[in-house]
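The values are calculated or read from the model by the stated rules, or taken from the named source; none is laboratory data. Being a predicted model, the structure only gives us computed values, none of them experimental. Quick reminder, even Gly has a Cβ in these numbers, built from the backbone with ideal geometry, and neighbours come from all protein chains shown.
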């Protein structure tokens, strides 16, 4: 409860510092762009500044970056119209869509063209741990660094595949559990401050470039199925003219014109190659994971009466059936 209050008041303080969306600044519409701190803020500002400057030039909009320490701050910003467009992971995008008038409009494609990335469990290269089974067997003696609770690859995906499917709660089985971003988790493992941590393939590739000595100290012991690439989300009540400008910028950036080669270099620094059209349907597999995880939790909950458990499971199964039907309908159209 105290942690929730701290996050709430921290988000309010961040929001107070962000100007509300202005219809015009001179002749320019102001757009606040939300970016999650997956690593040190100064590093991110250096990486994002060229891209945001090009966005400003290409759209004629005034683009202001807003860096937040966690996804909750950006989602809250979008909810109160202090952030109008944001880069999210899929899990956080669900929060934005469900409670902040968000709408997925494009999806990033990584530098290798995979259309996705991977969640990992990592340990120090000297660790005797070599698999997720080793981690679960020795959890009582280990310090575990989990991801941001709204992170897809840092929290949801390992939470389902490593813990929920094995009917365990990470907060209960480890000697100590904490939460941090991908870079902090990786460096904590490299420095032997924690025994095992979640991370993702993009963060490790970035670390290989920025701190190769630290990356060399890490060992991957578990890899998830492919996770859909991160979406870009805007508030769906933005003016259509503004949406058109933003959409055109993302779908042509690095792909057309005399500046394409330079733009590709900027995208490469962000570990992207291009963007493709997307929609809220991109989030359906992640919603499915959320429901599967919740179903596993309810099944294992011994405090529930049989009637309550049956009712909750019936509701979850109905929601899963609706999701499955929607996903099957989409698959037929492809």
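With the condition kept exactly as written, say whether any residue in region 189-198 is under 22 Å from residue 298 (Cβ atoms), assigned by TED's automatic domain parsing to the domain that holds residue 223 and surrounded by fewer than 20 Cβ atoms within 10 Å (Cβ to Cβ).
Taking every residue of region 189-198 in turn, none turns out to be under 22 Å from residue 298 (Cβ atoms), assigned by TED's automatic domain parsing to the domain that holds residue 223 and surrounded by fewer than 20 Cβ atoms within 10 Å (Cβ to Cβ).
Show me the helices (runs of 4 or more DSSP H) entirely contained within region 223-334 in which 2 or more residues are within 30 Å of residue 132 (Cβ to Cβ). Working first, answer last.
Working: elements: 240-252, 260-269, 284-300, 306-333.
Passing ranges, in order: 284-300, 306-333.
Please verify whether residue 211 is closer than 27 Å to residue 190 by Cβ and without any contact (Cβ under 8 Å) to a residue 40 or more places away in the chain, treating the condition exactly as stated. Lay out the reasoning, then the answer.
Details: closer than 27 Å to residue 190 by Cβ: yes; without any contact (Cβ under 8 Å) to a residue 40 or more places away in the chain: yes.
It is true that residue 211 is closer than 27 Å to residue 190 by Cβ and without any contact (Cβ under 8 Å) to a residue 40 or more places away in the chain.
Going through 301, 248 one at a time, which residue ends up being closer than 26 Å to residue 109 by Cβ and surrounded by fewer than 16 Cβ atoms within 10 Å (Cβ to Cβ)? Walk me through how you get there before you give the answer.
Values: 301 fails: closer than 26 Å to residue 109 by Cβ.
Unique residue meeting the criteria: 248.
Residues are listed down the side, and each one gets a yes or a no for (1) in contact with a helix residue (DSSP H, G or I) (Cβ under 7 Å, 6 or more places away or on another chain); (2) in the same structural domain as residue 72 (by TED's automatic domain parsing):
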residue	(1), (2)
164	yes, no
168	yes, no
205	no, no
236	no, yes
240	no, yes
244	no, yes
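Any idea which of 97, 30, 106, 75 is at pLDDT 65 or above, surrounded by 13 or more Cβ atoms within 10 Å (Cβ to Cβ) and within 23 Å of residue 273 (Cα to Cα)? Even if it seems obvious, please write down each step before you answer.
Details: 97 fails: within 23 Å of residue 273 (Cα to Cα); 30 fails: within 23 Å of residue 273 (Cα to Cα); 75 fails: within 23 Å of residue 273 (Cα to Cα).
Selected residue: 106, the only one of 97, 30, 106, 75 that is at pLDDT 65 or above, surrounded by 13 or more Cβ atoms within 10 Å (Cβ to Cβ) and within 23 Å of residue 273 (Cα to Cα).
Helices (runs of 4 or more DSSP H) wholly in region 38-124 with at least 2 residues that are free of Cβ contacts under 8 Å to residues at least 12 places away in the same chain - which ones?
Details: elements: 41-59, 71-79, 90-99.
By residue number, 41-59.
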